[in-house]
Amino acid sequence: MKSLLLSFFKQHKLVYLWLILCLLMLLYLYGSLRVQSDISFFLPQDNSEIDSVMQQQLQKGEAGKIFLIALQTPADSRQETTATQTLAKLNKILAARLQQSQQFSLVENGQVQVSSLIIEPFYRYRYLLNDNQQQSFSNDHLANSFIQLLQRIEFMLSPMEQKLFAEDPQMIWPSLLKQWQTQQLPKHHGVWFDQQARQTLLFVKSKADAYDLEQQYQNLEIINSNIKQIMLEQQLTNAIDYLVTGAPVFALESKKAISKQIQIISVLASCTLMLFLYWFFRSLKIMLIIAVPLAFAILTGMTAVILLDGFIHGISIAFGITIIGVAVDYPVHFFSHYLFLPSQSTHNRSTTIMQSIWPMMRLGLITTIIGFSAITLSDFSGLRQLGIFAISGLLAAALFTRWVLPRFKIVLPEHHNTLDNHSAYAFIQKIVQRPAAPSLRLIAIILPVLALVYILFNQTHLWQEDLSALSPVPQWQKQQDFQLRKAMGLPELRYALILQGQSTEALLQRSEQIKSQLEKLKQQGIISGYDMAARYLPSIKQQQTRQQGLPSSSELKQRLETLLDNSPLQPSAFSPFIDAVNNSRQMTPLSSEGILSDAQSGQSFIHGKIKTLLYLQQSEYRPEHQQAPEQQSLAVWTAIIPLHGVQHGITDHEIIHSISNQASLLDLKTQTQAMLADYRNEALLWFFCGSMLILLVLFAASRRLISLLPLAWPFIGAVLLTIASLLLMGYSLSIFHLVTLLLVAGLGIDYSIFSFFPRQQGNEVTQLPEVARVSVIICLISTLIMFGALALSELPVLKAIGITASLGALYAFLLTLFVTKQA
Amino acid sequence: MRCPIPIIGIIFMISGMIFPKRQALLIATLSILCYLFIAQHCFADNSQDLQTSALKKLLEPFSSIQYVKLAYEEKRYSVFLKHPRQFSGYIAFTRPDQFIKQIETPNRKKLHIQSDRLNIYTDQQDGNQNSQKTTSLQKAISLQKTMSLDDYPQFRQLQTLFAGLLLGDAATLTQYYHYDIQSLPDEKVLLTLRTRSNDAFIDKQQSISGKITIIFQAGEIKTITMASFGGEKSELSFTAVLEKEVIQ
């Protein structure tokens, strides 16, 4: 018994080793699997200051935390007054509940909350934050302030008004608040409404970071459940519509759309593939065995990526699964030859068959790996991950098919000696054996050339410049968001000035220097407005200057007594005002550290604005002015000055040139296009290098230049025809098309290798071209099933991969058939 | 509950008969305490019911008013003023929610509240004081600003108060105020209102009056005194009913 077991183990040791390896990988994944959805991962890592800013904004920018909520009456609502009151009431209740949830740093709806009127420390520092200090303390201004105060005192004052009048009779604080609050929306019943008073609006900012999709999902659930709960309590379930939009909503929708599509497509494609394979092989056992290397490929791919990067991106998983369409070729080749190749001997048949087809499989594998190796060397982390997944997965599938699958002797079926009785094989063989017209070879050569000419004449539409075209968010949803942003008066951010420095004080001072130039731009109508951190938090230098301009206690007291001599107002009531001014003369200027530190940051909109416009950036920064181009990892303070209502031609404006040594102009649209172009150019370079290497390998395998042509032409032609077809269909090429074309190249080579290399071994015909061709057709159909399913997806990225691979595989097969077929 | 003495007497007797002396005394004492607790609650309920009906009765003469215009004199006390300021003018209220306070002296000014809008009109002084007498109100007074009442809850409180008083709306008053009614000599009735502290509608910081005392006489409102938490005070005396329309 023991010797039997030992003998069994020795015969199947590779199988056991493989099982142990799978178990180890599963255990590792169980403990370490971390899937990321942050799209910025697919942005370049090694970048300029502008790119760093963009990446920072994508990952941690305040814009990514904002939800916009609209409650509205249905279009056919007749009682508008009642509806407005009801909407306002719902708005107030919702705002209160969202505040109570503690998940949102800011909930604004236009309501004047007394508790939020006095915002420390800014209230205390109002005299140092006030731009119009000189004017505010002029006698005329003071006199005017007291006249207005006197008029107001004719009506009873609330305790809050008493406090404000006593401490701030000039009303500097309310005017600062009014300047800083950019949303000037119409109000009804104390809350914001749109211009038509049909929608009441809320502006909500989450505490969670933009990329923390788990928490953003929870936040969205909180908003939705509270709205529904309130409507239920108010018995308004069918009477009110609501809309929640914003960057987190889009991110969640994208994630959900991608996951849903992948699930549907995976199931659909896998079932169809299995059915097809069952139809051809007529064996449930074979069908299940073919699934093993595919599953092993995915498992290995995911493990390799997580070992190297520590996490795997959702898009990498999606793309990796599509590799099934290529990895399925290996077991299909094996089983096609194993079952349908006639042979006299049955001893070690599986090993013999494998040894005879392995050189071709190996060549195909090497060329495909070379193709994907190109992108693993890329600077773009996302592309690198795709390459690692593809290479490790394909390698795993191929090696499993080579070394482990033939040793599954106990599960391998009997081969079919009577080929003619196998209807599926016979059906396909008839197609393959049909003689091809000589003209087809000519067409196979001319068509790709024509395709190249077409591509050259349509270069303007060749590349996808618009990043939003790749977004999985439906157009109607984007439009809804745009309308709501417009209703809320939120500026469209495209242009901004970027300043970087080693301290916040330096940045604030530079911002103040630039301010006068920006005012000129505003006066000329080049911009309609701008925003900067220095507006809410002047530099220490500026604050100290203002401190020196404040009147002393004695001077102020004397002036008050003079001004109020004939007035009903008594000067002593304004002692708090004199004390406040005196304190402002002596206090330490307000610094940014306290405002920006997490421990002390308040929940006010002022804190939020400053944190949006002034932040510490940890990045791999390559200082261009230094001699040695080494990268330095350092923390850099960054200030953003968004420009609103920018007219064309700003980039060439002399004022922008004059401040270029202090600040860089960021044009988000142009920058994104440039980034895409860099991405694309690098991918093209690696694609070209990979193609050259593939040709070298094929040449080494064929050993003759004349033999290289029928090997290489199918994949070259397939790539050209695919690109031309995509252009004809109205598509432009994106990075995902380029990566998929690498796959197409691999498939083309695989088909041409198996069609070109018949082989004889000894006296036994171990390979017939017909079997090889039938095997190739099965591989083609399998590929078409997998990628065809992707082509039906609604998501632009998955659709791009599916259409490209499907067309490419078909063209590769047809070209192989026409080029290598003997008439 | 109206015959406490016999009940207590019976409790004493029974406990004395059944229990030893000390225990009987304890039982009786506990019984008295329970009685007092229950009685207070019942009397309080009764007292509240009595108060509400008293308030309704007090405001009843005003429940049929469609429109009323009252001349007033006001004395304003404020920590900001050297001396109390005297104002005079008229207050008009039109059912359901239009409130106008027209100040004639010392400076002409008009506060107009309707629904949720607050308009303040000030006198346009062109340097010639005599011209004010010849021009109409609309020409002399220009709109200074319009505001939402939701941003000024203190003015909403004013509107609510006068709506409740001048329209005889007890429900509105009781919604926002605790109240107390006291009879005074000369057929006067004192109504004291205190802002409810847990009212979300009027935040304490925004409320203009912590305590409002109103004196009624012969079915008319004679004086309204408003005292704020911060020492602000207004004594409003109505000197004449200028116009009045009742609901048909």
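Bear in mind these aren't lab numbers, they're just calculated from the coordinates by the rules spelled out. Here the structure is a predicted model, which means the values were calculated and not measured. We place every Cβ from the backbone using ideal geometry, glycine too, and count neighbours over all the protein chains shown.
With label points built 7 Å along Cα→Cβ from the Cα atoms of A:Ile443 and A:Tyr28, find their separation and express it in nm.
In this crude label model, A:Ile443 to A:Tyr28 measures out at 4.9 nm.
Could you list, in their original order, any pairs among A:Lys178/A:Lys522; A:Lys255/A:Lys486; A:Lys187/B:Lys211 whose Cα atoms are separated by more than 24 Å? Walk me through the intermediate numbers first.
Details: A:Lys178/A:Lys522 20 Å; A:Lys255/A:Lys486 26 Å; A:Lys187/B:Lys211 31 Å.
From A:Lys178/A:Lys522; A:Lys255/A:Lys486; A:Lys187/B:Lys211, over 24 Å: A:Lys255/A:Lys486; A:Lys187/B:Lys211.
Taking each residue in B:227-239, count the Cβ atoms of any other chain within 10 Å of its Cβ, then average. What number comes out?
Working: counts 1, 6, 3, 9, 3, 8, 1, 3, 0, 0, 0, 0, 0.
Other-chain Cβ atoms within 10 Å of each residue's Cβ, averaged: 3.
Can you give the extra length, in nm with one decimal, that the chain gains between A:Arg282 and A:Glu593 once fully stretched, where that is 0.36 nm per residue apart less the Cα-Cα distance?
Numbers: separation 311, 0.36 × 311 = 111.96 nm, distance 7.26 nm.
Extra length from A:Arg282 to A:Glu593 when fully extended: 104.7 nm.
In whole Hz and in residue order, list the ³J(HN,Hα) couplings for segment B:162-177 that follow from phi through the Karplus curve 6.51 cos²θ - 1.76 cosθ + 1.60, θ = phi - 60°; x for Gly and Pro.
Those phi angles translate into 5, 4, x, 6, 6, 9, x, 9, 5, 4, 5, 5, 5, 5, 10, 9 Hz.
If you count, for each residue, the other Cβ atoms within 10 Å and average over each peptide, how do A:160-167, A:12-19 line up from highest to lowest? Write out the running numbers ahead of the final one.
Working: A:160-167: 20.9, A:12-19: 14.6.
Result, highest mean first: A:160-167, A:12-19.
Rg over Rh of segment A:301-343, using C-alpha atoms and the Kirkwood radius, what does it come to?
Details: Rg = 15.8 Å, Rh = 12.4 Å.
Radius of gyration over Kirkwood radius for segment A:301-343 works out to 1.27.
So who's got an amide H within less than 5 Å of the one on B:Leu242, skipping anything under 5 residues away but keeping other chains? H placed 1.01 Å off N, in plane.
Correct list: B:Lys69, B:Leu70, B:Ala71.
Quick one: which residues, 5 or more positions from A:Gly190 or on another chain, have an amide H under 5 Å from its amide H? H modelled 1.01 Å from N in the peptide plane, none for Pro or chain starts.
Amide H neighbours of A:Gly190: B:Asp150.
Which trypsin sites (Lys or Arg not before Pro) from segment A:628-723 combine a DSSP loop assignment with at most 13 other Cβ atoms within 10 Å? Don't skip to the end; give the middle numbers.
On the way: sites: A:Lys669, A:Arg680, A:Arg703, A:Arg704; in loops: A:Arg703, A:Arg704.
Passing sites in segment A:628-723 are A:Arg703, A:Arg704.
Distance in nm between label sites at B:Gln114 and A:Asn681, each 7 Å beyond Cα in the beta-carbon direction?
6.8
Leaving out same-chain residues fewer than 8 places away, which lysines sit with a Cα under 25 Å from that of A:Lys256?
Of all the lysines, those that pass the test against A:Lys256 - Cα under 25 Å, at least 8 places apart if same chain - are A:Lys60, A:Lys65, A:Lys205, A:Lys207, A:Lys228, A:Lys478, A:Lys799.
Quick one: which residues, 5 or more positions from A:Gln36 or on another chain, have an amide H under 5 Å from its amide H? H modelled 1.01 Å from N in the peptide plane, none for Pro or chain starts.
Those qualifying (amide H under 5 Å, at least 5 residues apart or on another chain) are A:Ile312, A:His313, A:Gly314.
Whole-Hz Karplus ³J(HN,Hα) for segment A:784-793, in order, using 6.51 cos²θ - 1.76 cosθ + 1.60 and θ = phi - 60°, x for Gly and Pro?
Residue by residue, segment A:784-793 yields 4, 5, 5, 7, x, 4, 5, 5, 7, 5 Hz.
Once you average over the residues of A:737-743, how many Cβ atoms of partner chains fall within 10 Å of each Cβ?
Details: counts 0, 0, 0, 0, 0, 0, 0.
Mean number of neighbouring Cβ atoms from other chains: 0.
Fully extended, how many nm does the chain gain between A:Arg485 and A:Phe311 (0.36 nm per residue separation, minus their Cα-Cα distance)? Mind dumping the intermediate values first?
Numbers: separation 174, 0.36 × 174 = 62.64 nm, distance 3.48 nm.
Full extension from A:Arg485 to A:Phe311 adds 59.2 nm.
Could you give me the ³J(HN,Hα) list for segment A:555-572, computed from phi with Karplus coefficients 6.51, -1.76, 1.60 and θ = phi - 60°, whole Hz, x at Gly and Pro?
The phi angles translate into 5, 5, 4, 5, 5, 5, 4, 5, 5, 9, 4, 9, 9, x, 7, 9, x, 5 Hz.
In straight Cα distance, which lysines are under 27 Å from A:Lys285, not counting same-chain residues fewer than 8 positions off?
A:Lys10, A:Lys13, A:Lys409, A:Lys430
Cut-off is 10 Å between beta-carbons; in what order do A:Arg773, A:Arg124 appear when sorted fewest neighbours first? Could the numbers behind the result be given before it?
On the way: A:Arg773 24, A:Arg124 18.
The order, fewest Cβ neighbours first, is A:Arg124, A:Arg773.
Which whole number gives the average, over all residues in B:80-86, of C-beta atoms from other chains lying within 10 Å of the residue C-beta? List each step's numbers first, then the result.
Working: counts 18, 7, 8, 2, 1, 4, 0.
So the per-residue partner count for this stretch is 6.
Calculate the spin-label point distance for B:Arg22 paired with A:Lys163, positioning each point 7 Å from the Cα along the beta-carbon direction, and give it in nanometres.
That separation, rounded to one decimal, is 5.9 nm.
Fully extended, how many nm does the chain gain between A:His653 and A:Gln196 (0.36 nm per residue separation, minus their Cα-Cα distance)?
Working: separation 457, 0.36 × 457 = 164.52 nm, distance 3.81 nm.
The A:His653-A:Gln196 span can extend by a further 160.7 nm.
So, R0 is 45 Å and r is the distance between the beta-carbons of A:Thr460 and A:Glu221; what FRET efficiency does that work out to, to 0.05? Spell out each step's value before the answer.
Working: r = 46 Å, r/R0 = 1.02.
In this case the efficiency is close to 0.50.
Within 10 Å, count the other beta carbons around each residue, average over each peptide in A:452-461, A:573-582, A:740-749, and list them highest first. Write down the numbers at each step before the final one.
Details: A:452-461: 12.2, A:573-582: 18.2, A:740-749: 27.4.
Top to bottom by mean Cβ count within 10 Å: A:740-749, A:573-582, A:452-461.
What residues from segment A:317-340 fall in the zone where the backbone N is under 17 Å from a label point 7 Å along the Cα-to-C-beta line of A:Val35?
A:317-324
Work out how far the C-alpha atoms of segment A:308-392 reach from end to end along every principal axis, then list the three figures in whole Å, largest first.
Reported extents, whole Å, longest axis first: 53, 21, 18.
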